[in-house]
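The values are calculated or read from the model by the stated rules, or taken from the named source; none is laboratory data. What you are looking at is a predicted structure, and each value in this text was computed from that prediction instead of being measured. Ligands, DNA and RNA are stripped out before the accessible areas are found, and what is left, the full protein with its side chains, is counted by its heavy atoms. Shrake-Rupley method; radii C 1.70, N 1.55, O 1.52, S 1.80 Å.
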Amino acid sequence: MLDDAIEIRELKDSDDDAAVRYEVYDSDTGTSLGVYDNYEDAQYEVESMKSSNRADWDDAKEADPGTD
């Protein structure tokens, strides 16, 4: 996953234009990484993913270890 490829997209409910949710999206793979009710939660998730990637690249202890 590329840091530059992770973005936050605004999703609007077609029935209620005032209802907005935020999708964390990986444009490199075309994959949704989660949908959040507010921008702050989506931003936190993006920063968490980027931090985890930086730790992995720096060969430091990964903040969110997987099953690799």
Ordering Glu40, Glu45 by accessible area with a probe of 1.4 Å, largest first, what comes out?
Glu40, Glu45
Hey, can you find the accessible area per residue of region 1-40 for me, probe 1.4 Å, expressed in square angstrom?
69 Å²
